[in-house]
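As structure tokens, the structure follows; a few thoughts come after it.
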Amino acid sequence: MSNHFYPIGSPGKAWDDNECKQWFQATTIQRSYENEVLQRIASLEVNFTVQQYGALSVNPKKYPLFALKSKPWRAKLPTALITGGVHGYETSGVQGALEFAANHSGGYAERFNLIIVPCVSPWGYETINRWNPDCVDPNRSFTSNSPSEEASLLMAFIDNQPDILVHIDLHETTDSDEKEFRPALAARDGKPYIAGEVPDGFYTVGDTPNPQLEFQAAVIESVSAVTHIAPADANSQIIGSDVVAPGVILYPMRELGLCGGLTNCQYGTTTEVYPDSKKATPAICNQAQVAAIRGGLDFLLKKLY
Ligand SMILES: [Zn+2]
């Protein structure tokens, strides 16, 4: 099927403001940011400085934005940035970042200053959505004059932090990408929906101009102890991009306005966990995100110390 009927808008015509509003009005709250994220952030205050860097205008009281900074902060240490929930529906990115902060960060906080931003898009987390309330994908919006406040508030916060050596951005690729989010994107832009293939397994996305394949391989190796790695498809690709090493594809992060291009980091990776696999559970997905972070940081520990 190259064309897919989406219930909002007309085929071949991009959405106007009314159609975006219609989309927003059809969204529903499906889980609690307060219970599943904010309470856990509060419980981490022993080991982290919790810093609010903004709030979402759709409901500023309900959606404050938080970063965790390891303490004590030591100016001489390199800084590692972990981001989750840039796409709010990608649960293990949020829960994996929190799990790492709660149970696995101790040893690393001696060697890195850690900045963990567990849930960049809390409205998307609660409504299980890829877009923000304005029908904008935050992860195509890390640009100047960003149309996404989730992206612009995070960019402003990171601008005031020390240089970032390593950035690990936690994502998922889900069946709902093909069932809902890509058809919605095609409808919003008035374009035909062309079906894609969802890979079964974990993969990473490196930055085309700075792939750091040894670093990517260390992440893949660490995750492979927890869950399976996505094989290349019949065209030696994963979701339409060439596989450059087992489980690794590349995107030009900056050019595409991806969160992975947020910093000038030397080492960066975007993780993609597949939660809909027959072999995956929510716990395995969270562990895979933790293993990705640990694999990346362990690689750097060997290089730096
Ligand atoms: Zn994502």
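Some observations on this one:
- Hey, LEU250 aliphatic (A, V, I, L, M), farther than 16 Å from ALA97 by Cα and part of a loop (DSSP other than H, G, I, E, B) or not: no
- Any hit, segment 196-204, residues being within 16 Å of the ligand (Cβ to nearest atom), assigned to a loop (DSSP other than H, G, I, E, B), open to solvent by 40 Å² or more (accessible area, probe 1.4 Å) and among the acidic types (Asp, Glu): no
- Comparison of GLU126, GLU99 shows that the only residue that is in contact with a helix residue (DSSP H, G or I) (Cβ under 7 Å, 6 or more places away or on another chain), open to solvent by 20 Å² or more (accessible area, probe 1.4 Å), in a helix (DSSP H, G or I) and away from the ligand (no atom under 16 Å from the Cβ) is GLU99.
- Some residue of segment 209-222 being within 15 Å of the ligand (Cβ to nearest atom), out of contact with any Phe, Trp or Tyr (no Cβ under 7 Å at 6 or more places or on another chain) and not in a loop (DSSP other than H, G, I, E, B): no
- Residue within segment 228-235 that is among the charged types (D, E, K, R), in contact (Cβ under 8 Å) with a residue 12 or more places away in the chain and touching a Pro at 6+ places or on another chain (Cβ under 8 Å) present: yes
- The residues of segment 135-177 that are within 16 Å of the ligand (Cβ to nearest atom), within 17 Å of LEU258 (Cα to Cα), of a type in the set (Val, Ile, Thr) and open to solvent by less than 20 Å² (accessible area, probe 1.4 Å), listed by number, are ILE168, THR173.
- Single condition LEU250 does not satisfy, out of (1) open to solvent by less than 10 Å² (accessible area, probe 1.4 Å); (2) aliphatic (A, V, I, L, M); (3) in contact with a Ser or Thr (Cβ under 8 Å, 6 or more places away or on another chain): (1)
- Unmet criterion (only one of (1) within 16 Å of the ligand (Cβ to nearest atom); (2) surrounded by fewer than 23 Cβ atoms within 10 Å (Cβ to Cβ)) for HIS87: (2)
- Flag for ASN132 being crowded, with 23+ Cβ neighbours inside 10 Å and polar (S, T, N, Q): yes
- Within segment 1-53, the set of residues being under 16 Å from TRP123 (Cβ atoms) and either β-branched (Val, Ile, Thr) or touching a Lys or Arg at 6+ places or on another chain (Cβ under 6 Å) (or both) comprises THR27, THR28, ILE29, VAL37.
- Any hit, segment 276-284, residues being open to solvent by 10 Å² or more (accessible area, probe 1.4 Å), in contact with a Leu (Cβ under 8 Å, 6 or more places away or on another chain) and within 21 Å of GLU221 (Cα to Cα): no
The values are calculated or read from the model by the stated rules, or taken from the named source; none is laboratory data. Please read all numbers here as calculations on a predicted model, not as lab measurements. Positions of Cβ are generated from backbone atoms using ideal geometry, with glycine treated the same way; all protein chains shown enter the neighbour counts. Remember, those area values only see protein heavy atoms, side chains included, never the ligands or the DNA or RNA. Shrake-Rupley method; radii C 1.70, N 1.55, O 1.52, S 1.80 Å.
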